[in-house]
């Protein structure tokens, strides 16, 4: 499709915005997220059965339930994404990723805060967790053992799923999927902290449990903060960053370099924002000798930029007489 | 994700090792945080009792009888402990449990008892049908954090149930 026949709405959107192989990745990610939800539901049920009155187990249980949020947010956003742009949604529906990200981050933050307060309170109030016996196949066994076994098992699947999702998140440039994969990958640390807490109770060290719960809840809180920053950054149109938010996305430089390589362009500065999966580029160009470019030249430049990468989805070229200096931060 | 995974593994290993050292690798597992069971075995055990027939009855001379009183007496005998009875209302006894002055608390407590922040409730040792037709799960109270005592009492109650 040549750019000249595209409407003023954001080119094509929905799944059409993604090339075939990227769509393939998206489908894979959707399937993995459904598997994650299935695994987590089983885990939540199993942990719920053995939780008892251990503070650490309660925190781990809450974390397991929270683990459902990012996959749900991802699946809802992926569904929303199918819609094409229209007169009322000229930019398409890519931003639903950002909204999903924000909702998931806020939930993590709220739950993390609650659990930190709860764990500290049980330390301050010297609440000693009782773990008695459990009737298992007609035998009375110390209830701590089933807890430890369930926690050990619950840490395995998320790590595998997280490792599988991480490369997909990078290919898709999907920050919700990335946050989800990152949380999954770290899930075993929760399992170990909880097991240490329960073993501590077994050795008669009651505060081990609340301390382990504190470790787990601080990790939830940190996840919340990290994701909230990233989500707000995306929604407030900061410069597009890599999927792990560590640095500005290389494409933000590549578009400018490509524009500058055009013979009639003297100066080029781009504004690149992350719409979720895809980028929106506003490229301001100063023509050489103040000579206005022809329509053909503009269309050629736009096509050249679009061809750089599938992520560059929506490109606007604005010829201007001069570009004001914008202070650079990184 | 807290600190690095590496740190967590190290901290975990260190804490388990420390726990093993503290507990001296001996004694029961799970262990009591204050050693109630060890103190009671061959010694004395403090039992709080609230009047609640047929589970617990306290006669004017201070003698405690009833289904649960008999069970606790048998349990104390099994670990060679002498019982010090402490009569009182549930709320008063619950506070004293929290303060560590009592080891066990009886008086027809059910699994729905509201004292779980002060008292550790045992696994139900029997189920009865109440006057209004609802089933009640009968439990006893144990000093919180004393998990060796709790496991010991629960195991005893299990065995009694099996004998009946």
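Remarks
- Filtered residues of region A:143-157 (kept if more than 14 Å from chain B (Cβ to nearest Cβ) and in contact with a helix residue (DSSP H, G or I) (Cβ under 7 Å, 6 or more places away or on another chain)): A:150, A:154, A:157
- Residue A:69 being buried (at least 18 other Cβ atoms within 10 Å of the Cβ), at pLDDT 85 or above, farther than 30 Å from residue A:152 by Cα and not assigned by TED's automatic domain parsing to the domain that holds residue A:307: no
- Search result, residues across region A:280-330 that are in a loop (DSSP other than H, G, I, E, B) and in contact (Cβ under 8 Å) with a residue 24 or more places away in the chain: A:291, A:292, A:293, A:309, A:310, A:311, A:320, A:321, A:322, A:323, A:326, A:330
- The set of residues from region A:196-207 being more than 7 Å from chain B (Cβ to nearest Cβ) and surrounded by fewer than 24 Cβ atoms within 10 Å (Cβ to Cβ) comprises just one member, A:207.
- Qualifying residue in region A:121-141 (condition: within 28 Å of residue A:18 (Cβ to Cβ) and within 13 Å of chain B (Cβ to nearest Cβ)): no
- The condition of being within 13 Å of the chain's Cα centre (by Cα) and modelled with pLDDT of 90 or more holds for only one of A:231, A:169, A:179, that being A:169.
- Residue A:186 within 24 Å of residue A:106 (Cα to Cα) and modelled with pLDDT of 90 or more: no
- The sole residue among A:79, A:95 that is in contact (Cβ under 8 Å) with a residue 40 or more places away in the chain and away from chain B (no Cβ under 11 Å) is A:95.
- Residues of region A:259-279 include at least one that is at pLDDT 90 or above, in a helix (DSSP H, G or I) and not assigned by TED's automatic domain parsing to the domain that holds residue A:119.
- Residue pairs meeting the criteria (Cβ under 7 Å; at least 6 apart or on separate chains; first closer than 18 Å to residue A:70 by Cβ and outside the structural domain of residue A:66 (by TED's automatic domain parsing), in region A:105-121; second surrounded by 15 or more Cβ atoms within 10 Å (Cβ to Cβ) and modelled with pLDDT of 90 or more): none
The values are calculated or read from the model by the stated rules, or taken from the named source; none is laboratory data. All of these numbers come straight from a predicted model, not from anything done at the bench. Backbone-built Cβ (ideal geometry, glycine too); neighbour counts: all protein chains shown.
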